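Okay, structure first, notes after.
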Amino acid sequence: MMARRLPLVALLALVALGPRLLPEFYVTLFNYIGLYGLVALGLVLLTGIGGMTSFGQGAFVGLGAYATAYLTTVHGLSPWATLFIGLAVTGATALLLGAMTLRLSGHYLPLGTIAWGISLYYLFGNLDALGGHTGITGIPAVSLFGLSLESGRDFGYLIWAITLAALWATQNLLASRQGRAIRALKGGSLMAESMGVDIARTKIIAFLIAALLASLSGWLYAHLQRFVNPTPFSLHHGIEYLFMAVVGGAASLWGALLGAGVITLLNEWLKDLLPKLLGASGNFEMIVFGVMMVLLLQYAPNGLWPLLARRLPAPRREIAVSDAQPLTQRDKPASGTTLLEVKAAVKRFGGLVAVNDMSLTVKAGEILALLGPNGAGKSTMFNLVSGVAPPTSGTVHFLDRRIDGLDPRRIAKLGMSRSFQHVRLLREMSVLENVAIGAHLRGAAGVLSSSLHLERGEEARLLAEAARQVQRVGLGEHLHDAAGSLPLGKQRILEIARALCADPCLLLLDEPAAGLRYLEKQALAELLRKLCGEGLGILLVEHDMDFVMGLVHRVVVMDFGEKIAEGLPDEIQRNPAVREAYLGGVE
């Protein structure tokens, strides 16, 4: 445990002693590392963990800096008052920009951040009230408990106190229900939404937190320098912040500080060294940075911090299942109750009719198999039921409520949960944390309470529930293992545990036996029988007839988007239309 805390102990010692013992030059660099690390910390959350690339964080730094510079010099407000005003302005701007740009995907999102980053930069330089390109001087020093923090040595303590507090709060957030929602974004929006995560809201939360951390860095920068102009808030600096996050480790919070330190120190050392070696002045350090970035992405794509972390003992988070009070469970329908009813569903894609006049029902305590050869329309039908795609016509009812047209998140809240044809897990997260994502809708703690670690009671119950579901499906020995380390068969069972953690009354399983060996299929079948015996309804989409026939209660067979047979397994096996569709065997 002590070895694991060594980086923190070393940093705290440096923060405590550095401003008093280091030369003035290195005190200044150390302060800048704290300022840059604060921005990089937000980028780790936004880009490395949330999967949303931003080149515009320098503009948010500028908003925080200019807000306090203008309000303290022109209107005489206290620096502490301008801190909250600057955060409010930045928050409002981030909400507006996030609403416009976070809807973009692929390369359009980073291009969008470049666009508004450049716009805000030129706004700072062209407003006469902000001093134009000359900037604003005479920014007052910050006072704390009656002590004026005028020197860099004194102000450094405030910088690092805020930076470490932000690191602690972000760690708390990521270890919570809200943090798992942010981390789930990289697993794909469909997976996250099917577990009840509000994708749009979660993206905005990550974007807003990153913007506020950048604004906080700008406030500190303005009162450290006592002067601001647009230059430090350009697109160039936005790219440099992203470099810091990537170099340190884009998915590692500690990597943000490491990357800020490495880039800042190298930048200064190379500025001194390269002119001596090359005999000329210029921005040669940028050339070296470019070469180093290419090498880093090739040989250490996860950044420097994971390389260091491998030398430290890995933490193992043990959860005492019996210590936490169970979560409230929904009332389950009685066995035989109709859970799902699809009537005359049709789905057209242009001139292609993928599903045509399909009807089926699923009852509590039964397993219904939806069979058909490849291309029969099973997956499309599955998407109609789960809310991924609305039917062109027809209706879908769940627990007597019409759900066609509802999004997957709202359907999940009603008590329907699912797995995926292609396993969608967060491979680096533990089995326990992956399953806990399924319980997202069963918690209520917000971002602020999670960041301050005030949700520990609810969090204990959520994790305990996840642990119970892991044990329920027979994966208890893998509770703290990385999900990506499990074989495919156990990963599919892990997805079922995640679905069960949502407390559903209907499970939708999309080809759960695909790619499994014989013994793995037997283990899966036994698990499904157990769940069915507990009163769950299960809709099983498959094309493996041998796996299904000894397991399910009823079978619906599709071919070319239409129902060609429905009945008991024995009846289906003897049905001539089914035998013709399968061409005498299972594809």
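Tabulated data
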item	result
Pairs, first surrounded by fewer than 19 Cβ atoms within 10 Å (Cβ to Cβ) in segment 415-431, second among the acidic types (Asp, Glu), C-beta under 6 Å, six or more apart	Gln421/Asp510; Gln421/Glu511
Selection count, segment 137-180, where residues are of a type in the set (Ser, Thr, Tyr) and closer than 15 Å to Val44 by Cα	2
Out of Leu216, Leu257, sole residue that is among the hydrophobic types (A, V, I, L, M, F, W, C) and either closer than 30 Å to Thr134 by Cα or assigned to a loop (DSSP other than H, G, I, E, B) (or both)	Leu216
Subset of segment 179-193 (residues that are among the small types (Gly, Ala, Ser) and within 22 Å of Glu458 (Cβ to Cβ))	Gly179, Ala181, Ala184, Ala192
Test: Thr134 is more than 36 Å from the chain's Cα centre (by Cα), closer than 22 Å to Ala67 by Cβ and either part of a loop (DSSP other than H, G, I, E, B) or modelled with pLDDT under 95 (or both)	yes
Counted residues, segment 434-462 - those being assigned to a helix (DSSP H, G or I), hydrophobic (A, V, I, L, M, F, W, C) and surrounded by 24 or more Cβ atoms within 10 Å (Cβ to Cβ)	4
Some residue of segment 130-146 being small (Gly, Ala, Ser) and closer than 23 Å to Gly37 by Cβ	yes
Residues of segment 511-540 classified as under 23 Å from Lys332 (Cβ atoms) and either part of a helix (DSSP H, G or I) or within 26 Å of the chain's Cα centre (by Cα) (or both), total	11
Conditions (1) in contact with a Leu (Cβ under 6 Å, 6 or more places away or on another chain); (2) on the phi > 0 side of the Ramachandran plot; (3) among the hydrophobic types (A, V, I, L, M, F, W, C): number failed by Ile538	(2)
Segment 541-587 - residue that is part of a helix (DSSP H, G or I) and in contact with a Phe, Trp or Tyr (Cβ under 9 Å, 6 or more places away or on another chain) and, of those, farthest from Ala344 (Cα to Cα)	Met545
Near pairs, Cβ below 7 angstrom, 6+ apart or cross-chain, from segment 234-252 (closer than 13 Å to Gly37 by Cβ) to any residue that is among the hydroxyl-bearing types (Ser, Thr, Tyr)	Tyr241/Tyr36; Met244/Tyr36; Ala245/Thr47
Residue within segment 113-133 that is surrounded by 21 or more Cβ atoms within 10 Å (Cβ to Cβ), on the phi < 0 side of the Ramachandran plot and touching a strand residue (DSSP E or B) at 6+ places or on another chain (Cβ under 6 Å) present	no
Filter result (closer than 27 Å to Gly415 by Cα and without any contact (Cβ under 8 Å) to a residue 40 or more places away in the chain) within segment 349-365	Thr361
Close pairs (7 angstrom Cβ cut-off, 6 or more residues apart or separate chains): in contact (Cβ under 8 Å) with a residue 60 or more places away in the chain in segment 88-106, part of a loop (DSSP other than H, G, I, E, B) anywhere	Leu102/Met52
Count of segment 200-230 residues which are of a type outside the set (D, E, K, R), over 20 Å from Leu43 (Cβ atoms) and surrounded by fewer than 21 Cβ atoms within 10 Å (Cβ to Cβ)	3
Failed criterion for Leu312 (all others in (1) more than 31 Å from the chain's Cα centre (by Cα); (2) modelled with pLDDT under 80 hold)	(1)
Leading residue by the ranking (surrounded by the most Cβ atoms within 10 Å (Cβ to Cβ)) among those in segment 1-37 that are small (Gly, Ala, Ser) and closer than 23 Å to Glu150 by Cα	Gly37
Single residue of segment 38-57 satisfying the filter (of a type outside the set (A, V, I, L, M) and over 15 Å from Leu212 (Cβ atoms)) that is surrounded by the fewest Cβ atoms within 10 Å (Cβ to Cβ)	Thr53
Number of the exception - Arg103 against (1) assigned to a loop (DSSP other than H, G, I, E, B); (2) more than 22 Å from Ile239 (Cα to Cα)	(2)
Residue within segment 118-129 that is of a type in the set (Phe, Trp, Tyr) and in contact with a Gly (Cβ under 9 Å, 6 or more places away or on another chain) present	yes
Selected residue (only one of Arg498, Arg468, Arg517 is basic (Lys, Arg), buried (at least 22 other Cβ atoms within 10 Å of the Cβ) and out of contact with any Leu (no Cβ under 7 Å at 6 or more places or on another chain))	Arg498
Selection within segment 168-184 - in a helix (DSSP H, G or I) and surrounded by fewer than 21 Cβ atoms within 10 Å (Cβ to Cβ)	Trp168, Ala169, Gln171, Asn172, Leu174
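Per-residue answers, yes or no, for (1) surrounded by fewer than 24 Cβ atoms within 10 Å (Cβ to Cβ); (2) farther than 25 Å from Gly58 by Cα; (3) of a type in the set (Asp, Glu):
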| site | (1), (2), (3) |
| --- | --- |
| Ala141 | yes, no, no |
| Leu144 | yes, yes, no |
| Ile159 | no, no, no |
| Ser189 | yes, yes, no |
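The values are calculated or read from the model by the stated rules, or taken from the named source; none is laboratory data. Predicted model, so just to flag it, every value in this text is computed and none were measured. Glycine gets a Cβ as well: all are built from the backbone with ideal geometry, and neighbour counts include every protein chain shown.
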